[in-house]
Each structure stands twice: as C-alpha cells, then as structure tokens.
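**Q** Please see the structure below; I have some questions.
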Number of protein chains: 2
Amino acid sequence: MSFDPESLSYNEAGLIPVIAQDAHTHQVLMMAWMNAEAVARTLDTGRVTYWSRSRQSFWIKGESSGHVQELVDFRIDCDGDCLLVLVDQTGPACHTNRQSCFYTAIRDGEPVELMKPMED
Amino acid sequence: MSFDPESLSYNEAGLIPVIAQDAHTHQVLMMAWMNAEAVARTLDTGRVTYWSRSRQSFWIKGESSGHVQELVDFRIDCDGDCLLVLVDQTGPACHTNRQSCFYTAIRDGEPVELMKPMED
C-alpha cells in the first residue's frame, strides 16, 4: 500500500491519539493511543489494535473481554496527528461495561451519569 | 459548581485531549487540547475554548474565523483523561474550510478525500 504509518505525526512517546466511533450509531466510544506498528496492524488485520500505555504492550481491543472492534473506516485528520476509527463494536466499549467511556456529563456544574453498565 | 476542572487528569504539559462532535449530525469534527483554565472558561461561557499548543495561548474557537463552537454538552471519560464536547458548530470546523478535520480515509492502502472545502 502507498500509505505509510510512519508518515503520521507521533508525540514524543511515539504515540498518536485515536478516537473510536461506532460506525452505525455514530456514538463516540473511547479515545486511546496507537504507535506506528499498531496503525499497521489495525489496517492489516481489520481488528482495532491500540498501544497500552499502562501495560506498554499492544492491546488488541476485546482480546480478553470479547468486546472487539472491527475496523469499518480509518481516517486521518488534517495535521496527521490524530486518527478516527469507525468501528463495528461488539458489546460495551468501556471497561466499566458501559457502551461508551463518555458516560459522565457536567450540567449546571454537576456530574450527571448518562449510561448504566450493560447487562452481561 | 461542585465540578472542579483541576480534578481531571492532565498530561505532563497540563493538557487534556478534547474531541469535538457536532451535536446535531454526530460527525466528529476535530480534536484539540484544553488546560484546566480552558475547561473552566468553556463551562462558564458556553463558547468552546482550547489551549493552542503552537501559539501557547487560549484559543476561543472561531474568534477570528467566525466558525464558533457553542457548547451543547460537556462529557468526561471513565478515566478523567479525555473530554468530549458536543457542539453547535457554525461553518466548517477545519482550518482547511472542510466540515471536519477527518476528511482523509485510508482505503485499500490509499488515501481517499471524503470532503471538499465548503464555499465561503
């Protein structure tokens, strides 16, 4: 392919932020990070693969939980320093078992819980 | 208000990534950064205000272009280290005059332009 993952702009830790959006509902699910190899693996396999900063290892989303993200579309922003992946999400995206990580709103200065954990 | 912007998790530069999503179309528009004071200003004024890393100054989105973002909803992720703002976007969000910064897809290894600049 002519797209080179190394052509993106990575931060000083070699990482680029990645927004995951549900391709069907358009809900923003989560934000995580990839390095150039995770970008290549995601494009090669169609299975969204991040870099875990806490574990310092590749993180094939859903590998242990089953809550996988199949890649539907892979997009780059104007500066090449942020990615948007549209995904087919199986189960909840959040480790709290909620559909999205963004389940807390601040309204009139107070936190409001927008979603409950999904049933197993 | 009981929500304290200082309670969020900022990176070593004192910044938190912010995803802007169109509240009406649900299109992901852009990703930028806020510091704690930009978070407070955004919530206080209802006008989305970032921190410009290149200019090292507050960046009231659209202040010079007129392409403002009125805050519709302010959301925090499960780890408190990423924000999602739902906005009422006037005009294009991208400095290239496109609706969204994520106008390039990678499909079959090749870049594909998804949007053209909007007419003035």
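Taken together, the values in this text are just the output of simple stated rules run on the coordinates, not laboratory data. Predicted model, so just to flag it, every value in this text is computed and none were measured. Backbone-built Cβ (ideal geometry, glycine too); neighbour counts: all protein chains shown.
**Q** Does the range A:35-95 classify as rounded, prolate or oblate by the C-alpha gyration tensor (a ≥ b ≥ c root eigenvalues; a/c under 1.5 gives rounded; else a/b over b/c gives prolate, otherwise oblate)?
**A** Note, shape of the range A:35-95 comes out oblate.
**Q** Most exposed first by the Cβ proxy, i.e. fewest other Cβ within 10 Å, how do A:His26, B:His67 rank? Mind showing how you got there, number by number?
**A** Details: A:His26 14, B:His67 17.
Listed from fewest to most nearby Cβ atoms, that is A:His26, B:His67.
**Q** Now, a different point. Mind listing the long-range amide H neighbours of A:Val68? Cut-off is under 5 Å, sequence gap 5 or more, other chains count too, H placed in the peptide plane at 1.01 Å from N.
**A** Long-range HN contacts for A:Val68: A:Thr90.
**Q** Let me check I've understood the local charge: for A:Thr90, count other residues with C-beta under 10 angstrom from its C-beta, Lys and Arg +1, Asp and Glu -1. What total comes out?
**A** It works out to a net charge of -1.
**Q** In debye, nearest 20, what is the charge dipole magnitude of the range B:8-113 about its Cα centre with +1 on Lys and Arg Cβ and -1 on Asp and Glu Cβ, if you could check? Please report the intermediate quantities before stating the final value.
**A** On the way: 8 positive and 14 negative charges, 64 e Å.
With only Lys, Arg, Asp and Glu charged at Cβ, the dipole is about 300 debye.
**Q** Most mobile of B:Asp79, B:Asp22, B:Asp108 per a Gaussian network model of chain B (Cα springs, under 10 Å)?
**A** Per the Cα network of chain B with a 10 Å cutoff, B:Asp108 tops the list.
**Q** With charges only on Cβ, +1 for K and R and -1 for D and E, what is the dipole size of the protein assembly as shown about its Cα centre, in debye, rounded to 20?
**A** Roughly 60 debye, rounded to the nearest 20.
**Q** Give, as a single signed number, the net charge of other residues whose beta carbon lies under 10 Å from the beta carbon of B:Gln21, with Lys and Arg counted +1 and Asp and Glu -1.
**A** Here the count lands on -1.
**Q** Can you tell which of A:Ala93, A:Ala23, A:Ala13 shows the greatest fluctuation in a Gaussian network model of chain A with Cα springs below 10 Å?
**A** A:Ala13
**Q** Further, regarding this structure: What does the charge count near A:Pro111 come to, summing +1 for each Lys or Arg and -1 for each Asp or Glu among other residues with Cβ under 14 Å from its Cβ?
**A** Computed value for this residue: -4.
**Q** For the protein assembly as shown, what percent of Cα pairs sit more than 24 Å apart?
**A** 44
**Q** What angle, in degrees between 0 and 90 and rounded to the nearest 10, separates the Cα long axis of helix B:36-45 from the longest principal axis of the Cα atoms of chain B?
**A** 80
**Q** Which is the longest stretch in chain B that no exposed loop site breaks, taking sites as GluC sites (Glu not before Pro) with a DSSP loop state and at most 13 other Cβ atoms within 10 Å?
**A** On the way: sites that count: B:Glu12, B:Glu63, B:Glu119.
Counting at most 13 other Cβ atoms within 10 Å as exposed, the longest clean stretch of chain B is B:64-118.
**Q** If you wrap a convex hull around the alpha carbons of chain B, what volume per residue comes out, as a whole number of Å³?
**A** Per-residue hull volume (Cα only) is 133 Å³.
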